[in-house]
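Quick note: the coordinates plus some simple rules give every number you see, no bench work behind them. Given the structure is predicted, the values throughout are model-derived calculations rather than measurements. Please note: Cβ atoms are built from the backbone with ideal geometry, for glycine as well, and neighbour counts cover all protein chains shown.
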Amino acid sequence: MNNSVNSADVHKAIVAQQKSQDRKKMMVNGVLLLLLLAAPFALYPVFLMKILCFALFAVAFNLLFGFTGLLSFGHAAFLATGGYTTGYLLSNYSGLTTEMGIIAGTLAATVMGTAFALLSIRRQGIYFAMVTLALAQLVFFFYVQSDFTGGEDGMHGIPRGKLFGVLDLEDNLNMYYFVLAMFIGCYLLVQRIVSSPYGQVLKAIKQNEPRAVSLGYNVDRYKILAFVISAALAGLAGSMKSVVFQLASLNDAHWHMSGEVILMTLVGGMGTLLGPVVGATFVVNVEYQLAQGPLRDWVDPILGGIFVLTVLAFRSGIVGEIQKFIKKNIG
Amino acid sequence: MTMIFGVPLAVLSGQLLIGVINGAFYALLSLGLAVIFGLLKIINFAHGAMYMLGALVTVVLFDLMGVNYWVALFVAPLLVGAFGILIEYFLLRRIAGQDHIYSLLLTFGVALIIQGVLTNIYGVSGLRYSMPDLFKGGINLGFMFLPYYRAWVIVVALLVCFGTWFVIEKTKLGAYLRAGTEDSQLMQGFGINVPLLVSLTYGFGVMLAAFAGVLAAPIYSVTPVMGSNTLIVVFAVVVIGGMGSIGGAIITGILMGVIEGLTKTFYPPASSAVIFLVMVVVLMFRPNGLFGKEA
């Protein structure tokens with residue numbers, strides 16, 4: 001009797017604590033949202049949009065690597081495919097509204113992601129990484145040689161157009177809020193996916209794939225779906241990027257880009273929701289700041305150094321290390 | 001002039017020769033990767049940088065001290081190999097036993113550093129390196145002209161490849177190596193210094209890459225970025241051959257060089273992509289690669 005009253009109290013206390021934590025989280029999110037909404041008045045919107053596009057790219061990549069444990073070394077292919085498809089359509093079909101172009105780019109990346117997933121899913125770990133890398137390389141060569149991409153010169157002068165045929169995206173502020181809305185939508189989607197039963201299975205696969213198999217899950221199907229969603233979101237990031245910059249270039253398809261998104265995710269903290277966002281912000285900023293100063297030519301070695309340091313010293317990344325610190329010291 | 005499938009014989013055999021030479025480089029490089037991966041389970045993304053270092057050290061040694069080709073053939077791989085051992089000792093050792101993916105990421109970072117620093121020093125335009133006098137000229141085989149140097153590259157690359165395969169698969173030292181990486185604690189118990197073995201193996205794999213670099217110096221343009229794209233091709237070769245398969249790496253390397261050469265003759269636009277295409281096809285039917293052992 002006594003015992004059950006006690007456990008009810010404990011339960012109440014846990015619920016109350018949960019609620020206060022939720023409230024804290026809500027507050028943090030609210031502050032972040034306000035900051036994001038106000039940001040273009042303090043900082044250059046195009047720069048902010050660049051960060052948001054790369055953050056989305058990293059969030060997409062992290063769904064696969066951080067939560068499912070699949071290291072794709074070919075995500076540049078999806079970024080580029082989204083960018084090129086959207087760029088080509090918007091440049092050549094003036095009747096097309098911007099959101100249609102972006103949807104088409106996302107779809108193209110989704111289709112390509114499905115093909116990649118079906119081909120690479122049979123291998124695991126680094127083999128999987130190598131296969132995705134080679135497939136992305138195939139895509140890269142295709143884009144180098146195709147006429148519509150402009151080869152080495154890239155695709156220029158992509159019109160931003162009007163959103164829903166109404167909202168003029170040539171205006172940086174309009175464009176920013178559109179990109180921000182898309183980003184937040186995708187972020188919430190990934191958050192939802194990760195905390196859903198489906199996301200739990202993904203984490204189970206990451207932790208111990210044979211165990212997930214023995215529990216009766218069709219692991220391959222889960223992995224393929226995660227890959228396809230990740231590719232779609234990466235494609236969306238590329239599509240938006242090409243609209244923002246009015247440019248799609250071969251850089252996005254190069255395997256260095258696949259490496260860069262790994263770096264962003266790793267530095268920010270893989271397997272955390274906010275990590276890739278922080279990582280992308282960090283890397284884009286480092287690149288930008290370095291490009292302004294006397295260390296202009298040292299971007300690559302410095303990024304390489306960050307890579308080495310992260311792998312050696314703080315593998316949980318910025319967000320992961322902060323979480324660890326909070327857990328240890330504040331409880 | 002004799003024509004084969006609408007292509008003059010001389011052109012065809014010329015492309016085949018280039019294919020075999022590229023194949024010899026692929027074989028040397030993928031062999032090094034396979035040794036490092038097969039024995040140490042390290043994905044060496046710095047392999048392309050090591051290949052480049054081999055070539056660059058050759059050129060720089062010649063420019064600074066007049067070190068000739070024959071000396072460079074030994075000295076450059078030793079220097080680069082020693083550098084590799086330092087990387088193993090100070091960096092890779094710290095992540096031993098972690099997920100293999102971290103070795104990939106770590107060496108990728110290392111490659112970025114090496115390549116970036118050297119690009120700042122030497123720029124991206126090719127450095128010149130003239131071939132030793134002994135190799136000037138060539139012989140006319142009747143249907144084609146075979147430059148001496150290219151013949152030498154093929155012969156010496158094959159010899160080194162075969163030698164490496166022989167040592168690892170057929171000798172006692174190779175058996176120790178394979179056992180040491182299979183169960184390092186047991187081998188430690190037998191009194192074998194496994195960490196040293198690991199360092200030396202990594203160093204040796206790196207030496208193979210640097211050796212390929214020295215061979216490449218007189219015929220390819222030597223730049224700090226020469227390794228980065230070659231590396232991706234070589235990874236594809238290793239995947240096709242079956243990761244970790246020593247013999248598979250050698251055979252597939254040469255085969256892929258030839259296929260690339262033939263594609264260049266008959267359908268040039270696809271020549272840089274054909275290896276990746278082969279890889280996709282092979283993986284569809286044999287996910288473990290042509291010579292891969294287990295799943």
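Restricting attention to segment B:70-94, report how many residues are within 14 Å of chain A (Cβ to nearest Cβ) and surrounded by fewer than 20 Cβ atoms within 10 Å (Cβ to Cβ).
At the first step, the residues of segment B:70-94 found to be within 14 Å of chain A (Cβ to nearest Cβ) are B:86-94.
Next, only the ones that are surrounded by fewer than 20 Cβ atoms within 10 Å (Cβ to Cβ) stay: B:86, B:89-91, B:93-94.
Within segment B:70-94, residues that are within 14 Å of chain A (Cβ to nearest Cβ) and surrounded by fewer than 20 Cβ atoms within 10 Å (Cβ to Cβ) number 6.
Only one residue in A:218, A:174 is more than 14 Å from chain B (Cβ to nearest Cβ), in contact with an Asp or Glu (Cβ under 8 Å, 6 or more places away or on another chain) and polar (S, T, N, Q). Which one? Steps first, answer last, please.
On the way: A:218 fails: in contact with an Asp or Glu (Cβ under 8 Å, 6 or more places away or on another chain).
So the residue among A:218, A:174 that is more than 14 Å from chain B (Cβ to nearest Cβ), in contact with an Asp or Glu (Cβ under 8 Å, 6 or more places away or on another chain) and polar (S, T, N, Q) is A:174.
Test of understanding: among B:90, B:143, B:45, B:108, which residue is of a type in the set (Phe, Trp, Tyr) and closer than 19 Å to residue B:212 by Cβ? Before the answer, list the steps.
On the way: B:90 fails: closer than 19 Å to residue B:212 by Cβ; B:143 fails: closer than 19 Å to residue B:212 by Cβ; B:108 fails: closer than 19 Å to residue B:212 by Cβ.
Unique residue meeting the criteria: B:45.
Enumerate the pairs (first residue in segment A:184-205 and in contact (Cβ under 8 Å) with a residue 24 or more places away in the chain and of a type outside the set (Ser, Thr, Tyr); second residue anywhere and surrounded by 14 or more Cβ atoms within 10 Å (Cβ to Cβ) and not in a helix (DSSP H, G or I)) with beta-carbon separation below 8 Å, excluding pairs fewer than 6 apart on the same chain, so at least 6 apart or on different chains.
Here the result reads A:190/A:273; A:191/A:273; A:194/A:273; A:205/A:69; A:205/A:217, each pair linking segment A:184-205 to a residue that is surrounded by 14 or more Cβ atoms within 10 Å (Cβ to Cβ) and not in a helix (DSSP H, G or I).
Is there a residue in segment A:288-304 that is over 22 Å from the mean Cα position of the chain (by Cα), within 30 Å of residue A:124 (Cα to Cα) and of a type in the set (A, V, I, L, M, F, W, C)?
No, because not a single residue in segment A:288-304 is over 22 Å from the mean Cα position of the chain (by Cα), within 30 Å of residue A:124 (Cα to Cα) and of a type in the set (A, V, I, L, M, F, W, C).
Just need a number here: residues in segment A:128-171 that are within 14 Å of chain B (Cβ to nearest Cβ), of a type outside the set (S, T, N, Q) and either under 15 Å from residue A:81 (Cβ atoms) or part of a loop (DSSP other than H, G, I, E, B) (or both).
Count: 10.
Yes or no: residue B:111 touching a helix residue (DSSP H, G or I) at 6+ places or on another chain (Cβ under 7 Å) and closer than 26 Å to residue B:17 by Cβ? So that I can check it myself, show each step before the final result.
Numbers: touching a helix residue (DSSP H, G or I) at 6+ places or on another chain (Cβ under 7 Å): yes; closer than 26 Å to residue B:17 by Cβ: no.
Criteria not met by residue B:111.
Could you list all residues from segment B:121-161 that are within 14 Å of another protein chain (Cβ to nearest Cβ) and surrounded by 15 or more Cβ atoms within 10 Å (Cβ to Cβ)? Quick ask: steps written out before the conclusion?
The initial filter retains those residues of segment B:121-161 that are within 14 Å of another protein chain (Cβ to nearest Cβ), namely B:121-124.
Correct list: B:122 only.
Would segment B:162-171 turn up any residue that is buried (at least 17 other Cβ atoms within 10 Å of the Cβ), over 17 Å from the mean Cα position of the chain (by Cα) and free of Cβ contacts under 8 Å to residues at least 40 places away in the same chain?
No: segment B:162-171 contains no residue that is buried (at least 17 other Cβ atoms within 10 Å of the Cβ), over 17 Å from the mean Cα position of the chain (by Cα) and free of Cβ contacts under 8 Å to residues at least 40 places away in the same chain.
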